[in-house]
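Trainee: Quick one: this structure, given as structure tokens, is what I'll be asking you about.
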Amino acid sequence: MKTNEQPARDESTYSRRTFLKTAGAGLSFAVVFGSWGVKTFSAQGSHAVRASAFGAWVKISTDGSILIYNPAAEMGQGSMTALPVILAEEMDADWSTVRIEHSPIEPDTYGLSWGRGGRGNMMTVGSRAVSGYFTKLRLAGAQIRRVLLDNVARRWNVPVAELTTEPSTVVHAASGRRITYGEIAAFAEAPSELPDIDESQLKSPRDFRLIGHSVPRHDIPSKTDGSARYALDVHVPGMLYGMISRSPVHDGRPASYNEAEVHAMPGITTTVTLDYGVGVIGASVEEVIKARTALKIDWAKGAPAETFDSEASLAAYTDIAGGDRAQGRSIAQQGDAPAALRQAAKRYEADFFADHVYHAQMEPLNAVVSVHEAGDGAEIWIGTQSTSGAKEAAAQVLGIDTARIMLHPCYLGGGMGRRSNSDYLVEAVHLSNAVKRPVKLLWTREDDMQYGQFRPMCLQRLAAGVDARGNVTAWTHCVVGDGGGLLTSGIEIPFYDIPHQHIELCTVSHGVRLKHWRAVGHGFNKFAIEAFLDEIAADQSVDPYQFRRQLMRDAPRALKVLDTVAEMADWGGAVPAGRARGLAFGERSGSLAAGVAEVSLDEASGKIRVHRFWCAVDGGIVVQPENARAQIEGGIVNGLSSALFERITLKDGKVQQSNFHDYPMLRMSDMPEIEVQFVESYEHPSGLGEASLPVTGGAVANAFAALTGKRLRHLPFSPDRVRALTG
Amino acid sequence: MAIAFHVNGEPVSTEAAPDTRLIWILREHLKLTGTKISCGMGVCGACIIHLNGEAVRSCTLPVSAAEGKAVTTIEGLSRDRSHPLQKAWIEEQVPQCGYCQSGQIMQAATLLAANASPTREEIIRHMDGNLCRCGTYGRILRAIERASKEG
């Protein structure tokens, strides 16, 4: 039986501890949380419960079905299954009866307590969904279970302590009585205040039935028959189509364009001038495509990026890193690194480079927006990592309250960090507002790539000093580039015991668009760190595995991860002829990962082939092991793809690549065999979506060095660069 | 002049301009949105459909090329996810974001139709034109192998 298919208006106007009693026949019982206030309420028939108006986490129907709301974006990472599993675990819900829907967009209720001055934010980024919601959802589940137990205890007049639960059933062992959650829902009353549950009353992880035991992902069946709904699939009555011709140079403004000519084209409703482009709105996609192609726009000169040449700028970063004057902002400082470097028995220095990288999520950006005729409200269909932020962005454009925005979260055809920005929604709001009709805004792949927001290019300058006994005593790392914090994620080395460290950021500004990409700066920082360490180890004639063991001797969790991958790969054992192996370690989102790559080289073409990749991960408690494994696999594939192939360059401020023909990515024929192992742990879960990506670049570069004796120092390791090195 | 063809066994016709790409007819006119647009230039495979049984990229195919022919989309591969590939896709928990998967399945279906027991190398060769940004290639491979055994 299905209830509440259509969420009601998603802004709660009810006080947090509102209490409505369930009554009457055939009603649903709902346990509802708004910032920990429990509410139960009734409705006129079980089909009419409008739980979302109350900010529900869970609704138990008299037929035993249990609806659990998912607060996170589903972009392929599986949160839509993993988060309800956490709640169902402590609730002792029978998983086969659980239904899952997107929660309403109410950050006060469903958000994580960061952003908005601590009031909560519904933003699915940084591998935070499971780790961020874990305890909150466990407590919610335990409180719901306790409400059910209390009701049965009253009904049967037995002490609540004599009651236990099995999946969706309360059991009184002494009398042999059993009652299902659905049956309880028919008579249950909820307290006006939630029962107090603290973390000590939660299940022991050893008793978990669902957490740590994979269930099939909720979204997967619909992703095998075309029924999964992405925003691009939405159709609204009266909907028009919109596309935008954007400035090829960031922040370029349209000075003039052939408005009359385009406006007169078949099917075209209107054109809209935006700050950095011209929008075309019309009755069909094909007519809008033709009209946009016919646009002739004169762009105003003077955008800061219009002289930007990425290759020349990247090469010039060496002057910035080598400057005498300390321009850098200190990121981490320990001991006296300059002095330790001077006193070292041997000094090492190396520069590493990385080019811009594009998100390339398979679903190009898009949104459907319907601004009400009076302009006082809007309805939005969008795939976004930032649902609450999207509502705020739309409200700001229209100058209205977020309560007047109804947002329907759709599946994301990939997020990768690109979809936490609301820029494409703001565009769609402008277009719809211009016609006061629903508009589906489409981005082509060329739009998506050429108006992309890239992982920044950068230079990493590393230096290290080693004492006479071979201990690394000094470490300096300067990252140079545009993008601030995007450049420093993963630049620290918390698991390596090096007494003297100085880590800094030198910022430049090019006026181009930059953005978080999967694992953010960890991709290039961990590559540089791990490749540099490998180089030192080789020069010191120490095995790179043993070299790292020594550095992380006081970090048992990290050591365990490193030892696990060494065992998985039989490190030091036989390697097939013509191949070599490389090792790397990295931490991301609280998780620890170590990887081993086995590579060969086609010398004629310069193409590196990764045959096998082993990855060990400590992510604490793994809520959904099978899906977690898929995330680790995906992170490895993404990481290898970026390390081997991906490169965006800009000239005169314009992106030089336009589609997948000139932005190659990893394909099936490039796939290594992947082996993943999780270190058993009862620690709080940490993020897994990005955990494996940081170790890919270093592992490949180090394997390549073991194979050829040459050091790859520039991401990506494209065939032309490899040939130049081995030539 | 209307262009007439069949989609998933049903006759359809369109008054759209003949150079309109088939994908827009499928997705926006017929509202069969299981077929996905991603690159628009035939290099990623997300838009693959069957035209008279052959895997074709609908993002570059003018609708006029479908005239009189039979188009099958993911919605028509089976009515109830009963195609061996769909079952295997669920069993192997293949999709992540899922956006490329309709194209992957439609591409794989033409392989199994022609070759019930493909080797691993044959699978890779056949599937190499389909991009997956989430990196599900290993699972796609396993799912095709499973479908070829169990289908």
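The values are calculated or read from the model by the stated rules, or taken from the named source; none is laboratory data. None of the values given here were measured: they were computed from a predicted structure. With ideal geometry, Cβ positions are generated from the backbone for all residues, glycine too; neighbour counts draw on all protein chains shown.
Trainee: Of all residues in the range A:60-86 being more than 14 Å from A:Arg217 (Cβ to Cβ) and modelled with pLDDT of 95 or more, which is farthest from the chain's Cα centre (by Cα)?
Mentor: Filtering first and then ranking leaves A:Ile86.
Trainee: Name the single residue, out of those in the range B:33-64 being more than 21 Å from B:Ala113 (Cβ to Cβ) and hydrophobic (A, V, I, L, M, F, W, C), that is surrounded by the fewest Cβ atoms within 10 Å (Cβ to Cβ).
Mentor: The qualifying residue surrounded by the fewest Cβ atoms within 10 Å (Cβ to Cβ) is B:Met41.
Trainee: How about the range B:109-145: which of its residues are within 9 Å of another protein chain (Cβ to nearest Cβ), buried (at least 23 other Cβ atoms within 10 Å of the Cβ) and small (Gly, Ala, Ser)?
Mentor: Residue satisfying the conditions is B:Gly135 alone.
Trainee: Can you find a residue in the range A:501-515 that is under 27 Å from A:Ala628 (Cβ atoms) and surrounded by fewer than 24 Cβ atoms within 10 Å (Cβ to Cβ)?
Mentor: Within the range A:501-515, one or more residues are under 27 Å from A:Ala628 (Cβ atoms) and surrounded by fewer than 24 Cβ atoms within 10 Å (Cβ to Cβ).
Trainee: Is it the case that some residue within the range B:107-121 is touching a Ser or Thr at 6+ places or on another chain (Cβ under 7 Å), assigned to a helix (DSSP H, G or I) and not assigned by TED's automatic domain parsing to the domain that holds B:Ile23? Explain how you work it out, then say what you get.
Mentor: We begin by selecting, within the range B:107-121, every residue touching a Ser or Thr at 6+ places or on another chain (Cβ under 7 Å); these are B:112, B:116-118.
Pick out the ones that are also assigned to a helix (DSSP H, G or I) and you get B:112.
Among the residues that remain, those that are also not assigned by TED's automatic domain parsing to the domain that holds B:Ile23 are: B:112.
Looking through the range B:107-121, at least one residue is touching a Ser or Thr at 6+ places or on another chain (Cβ under 7 Å), assigned to a helix (DSSP H, G or I) and not assigned by TED's automatic domain parsing to the domain that holds B:Ile23.
Trainee: Do we have any residue at all in the range A:599-615 that's within 17 Å of the chain's Cα centre (by Cα), among the small types (Gly, Ala, Ser) and not assigned by TED's automatic domain parsing to the domain that holds A:Arg217?
Mentor: no
Trainee: Filter the range B:59-78 down to residues that are under 9 Å from the mean Cα position of the chain (by Cα) and not in a strand (DSSP E or B) and give me whichever is nearest to B:Ile23 (Cα to Cα). Quick ask: steps written out before the conclusion?
Mentor: The initial filter retains those residues of the range B:59-78 that are under 9 Å from the mean Cα position of the chain (by Cα), namely B:72-74, B:77.
Those still in the list that are not in a strand (DSSP E or B) too: B:73-74, B:77.
Numbers: B:Thr73: 10, B:Ile74: 13, B:Leu77: 17 Å.
The selected residue is B:Thr73.
Trainee: For the range A:441-491, name all the residues that are under 30 Å from B:Ile23 (Cβ atoms) and not in a strand (DSSP E or B).
Mentor: A:Trp443, A:Thr444, A:Arg445, A:Glu446, A:Asp447, A:Asp448, A:Met449, A:Gln450, A:Tyr451, A:Gly452, A:Gln453
Trainee: Continuing with the same structure: Could you check the range A:640-664 and list, in sequence order, the residues that are facing chain B (nearest Cβ under 9 Å) and part of a helix (DSSP H, G or I)?
Mentor: A:Leu640, A:Ser641
Trainee: Scan the helices (runs of 4 or more DSSP H) fully inside the range A:254-346 and keep the ones with 2 or more residues being outside the structural domain of A:His430 (by TED's automatic domain parsing) and under 34 Å from the mean Cα position of the chain (by Cα). Please lay out each step first, then the result.
Mentor: Working: elements: A:259-263, A:285-294, A:310-321, A:337-343.
Helices (runs of 4 or more DSSP H) meeting the threshold: A:310-321.
Trainee: Of the residues A:Val236, A:Val285, which single one is within 14 Å of chain B (Cβ to nearest Cβ), modelled with pLDDT of 95 or more and surrounded by fewer than 19 Cβ atoms within 10 Å (Cβ to Cβ)?
Mentor: Working: A:Val285 fails: surrounded by fewer than 19 Cβ atoms within 10 Å (Cβ to Cβ).
After ruling out the rest, the residue left standing is A:Val236.
Trainee: If I filter the range A:398-409 for residues that are free of Cβ contacts under 8 Å to residues at least 24 places away in the same chain and surrounded by fewer than 24 Cβ atoms within 10 Å (Cβ to Cβ), do I get at least one hit?
Mentor: For the range A:398-409, residues free of Cβ contacts under 8 Å to residues at least 24 places away in the same chain and surrounded by fewer than 24 Cβ atoms within 10 Å (Cβ to Cβ): present.
Trainee: Considering only residues of the range A:176-196 that are buried (at least 19 other Cβ atoms within 10 Å of the Cβ) and under 30 Å from A:Tyr682 (Cβ atoms), which is nearest to the other protein chains (Cβ to nearest Cβ)?
Mentor: Filtering the range A:176-196 for residues that are buried (at least 19 other Cβ atoms within 10 Å of the Cβ) and under 30 Å from A:Tyr682 (Cβ atoms), the one nearest to the other protein chains (Cβ to nearest Cβ) comes out as A:Tyr181.
Trainee: Report whether or not A:Arg553 is without any contact (Cβ under 8 Å) to a residue 60 or more places away in the chain, part of a helix (DSSP H, G or I) and assigned by TED's automatic domain parsing to the domain that holds A:Ala691.
Mentor: no
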